[in-house]
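The values are calculated or read from the model by the stated rules, or taken from the named source; none is laboratory data. Nothing here was measured: the structure is a model prediction, and the numbers come from that model. Cβ atoms come from the backbone with ideal geometry, glycine included; neighbour counts cover every protein chain shown.
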Amino acid sequence: MRQSELFTKTTKEISKDETSFNARTLIRGGFIDKVAAGIYTFLPLGHRVHEKIKNIIREEMNAIGGQEILMPALIPKELLEATNRWENFDVLFKLSGADKKEYALGATHEEIITPLLKKHIFSYKDLPKFVYQIQTKFRNELRAKAGLLRGREFSMKDLYSFHTSEEDLGEYYKLAQKAYFKIFERCGLLDLTYLTFASGGTFSKYSHEFQALSENGEDLIHICDNCNIAVNKEIIEEQKVCPSCGNKKLREEKAIEVGNIFKLSNRFSKDFGFQYTDENGGKKDVIMGCYGMGPSRIMGTIVEAHNDDRGIVWPEEIAPFVASLLKIKNQKSKIKNIDEICDKIYNDLQSKGIEVLYDDRDVGAGEKFADADLIGCPIRIVVSEKTLNKNSVEVKRRDSEEAKLVGVSEVVNKISNFQ
């Protein structure tokens, strides 16, 4: 993409109302636009990042048998009444339709998925099944001050699994944990993320969160370095020790929740009379699990984790573009074919399938360098009279201070090998 064609621009002016680091940085870089507290528009650069995160999640969910669907955002009142959550789920946005019926905007989708699967699953031979969606969620948060980390409207992947037994659920639960860590690895968060024991509420003794360490995190976790797991602060007072090895020396850290998984047992299947026929012809409740992960929250977490004083340092797989190509040219340049050289490099990179943001704007070199660092593509390519005097271009990784000169004819292959 030519940067001159982007309708968005970087900015230095940020509202004082926006206090979160991830949102301020993403707004400055032209990735998102704030509409209201906890409500953001994803601009072209931000949309590219967000879609890449969603695609990583999609690939890993498919790899463990997930079948993707898309459920409605509007949930009829009677479905939420069936599970006793119309009155007791305090973050619901509620509204009335022209049909005089009441609805809620989807904060979660157990009330849709359970009766849906009930229409298709009758026998133990139909189980297990794993169904997921990537959908916009709506939650009427009292405070939405953490940018993409706590929104009133946000993206969510929710996977639901359906089983004949708790044992079968347990096996898939472990598989889902492994899939989550693969996602965090591909998103550059693996080294920061801990499987964290949390309260299971009414569902089970424990649920599990995935918490990524961050100075700006809203959660406190207690880490066991023996087991490389953690315990959420909400249960540490009664737990006091590592639930895995009994270690009492747990260190406290701030973190951001980037995913959670629950063993629902028959909590929702019972409410909807969702049963299957077993091998002996008996009727049993279908056993369920749910597995949540927010692509938009992961995007905000990556910004919190991967940055320096100049801007974002995107992990390569989810960066908006692999490379920034900067054309540095002024009216006094003696080399008159800089435009042609840059255009050829741009076209050659694209022909090799390398995503490149080509800064062809008529602005100063300082502004181009500053914007490239703020936007944070993994590789920066600079073409200038200075480099062309040596028949070269300058290539530098965003996470390194070392720049190298590469021959003009070699740059495309060099960038290909960087990936």
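Here is the figure for the range 246-299: residues that are part of a helix (DSSP H, G or I) and either polar (S, T, N, Q) or farther than 14 Å from THR83 by Cβ (or both) total 6.
Residue by residue, here is whether (1) outside any helix (DSSP H, G or I); (2) of a type in the set (Ser, Thr, Tyr); (3) at pLDDT 95 or above holds:
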position	(1), (2), (3)
ARG58	no, no, yes
LEU79	no, no, yes
ALA98	yes, no, yes
GLU111	no, no, yes
THR114	no, yes, yes
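Out of ILE354, ILE338, which single residue is within 20 Å of ALA365 (Cβ to Cβ), in contact (Cβ under 8 Å) with a residue 40 or more places away in the chain, among the hydrophobic types (A, V, I, L, M, F, W, C) and surrounded by fewer than 23 Cβ atoms within 10 Å (Cβ to Cβ)? Can you show your working first?
Values: ILE354 fails: within 20 Å of ALA365 (Cβ to Cβ).
Being within 20 Å of ALA365 (Cβ to Cβ), in contact (Cβ under 8 Å) with a residue 40 or more places away in the chain, among the hydrophobic types (A, V, I, L, M, F, W, C) and surrounded by fewer than 23 Cβ atoms within 10 Å (Cβ to Cβ) holds for just one of ILE354, ILE338, which is ILE338.
The residues in the range 216-232 that are loosely packed, with under 15 Cβ neighbours inside 10 Å and free of Cβ contacts under 8 Å to residues at least 60 places away in the same chain can be counted, and the count is 3. Close contacts from the range 151-170, counting a first residue that is under 30 Å from GLU18 (Cα atoms) and a second that is basic (Lys, Arg), with Cβ to Cβ under 7 Å and a gap of 6+ residues or different chains, come to ARG152/ARG139; PHE154/LYS137; PHE154/ARG297; MET156/LYS137.
Within the range 19-56, how many residues turn out to be within 15 Å of VAL303 (Cα to Cα) and assigned to a loop (DSSP other than H, G, I, E, B)? Going through the range 19-56 one residue at a time, the tally reaches 5.
In the range 231-244, the condition of being more than 21 Å from ARG48 (Cα to Cα), at pLDDT 95 or above and either aromatic (Phe, Trp, Tyr) or under 23 Å from the mean Cα position of the chain (by Cα) (or both) is met by no residue. A single member of ILE345, ILE328, ILE341 is within 24 Å of LYS52 (Cβ to Cβ) and either outside the structural domain of THR11 (by TED's automatic domain parsing) or in contact with a Lys or Arg (Cβ under 8 Å, 6 or more places away or on another chain) (or both), and it is ILE345.
Of the residues GLU185, GLU209, the single one that is without any contact (Cβ under 8 Å) to a residue 12 or more places away in the chain, buried (at least 16 other Cβ atoms within 10 Å of the Cβ) and either closer than 13 Å to TYR291 by Cα or within 21 Å of the chain's Cα centre (by Cα) (or both) is GLU185.
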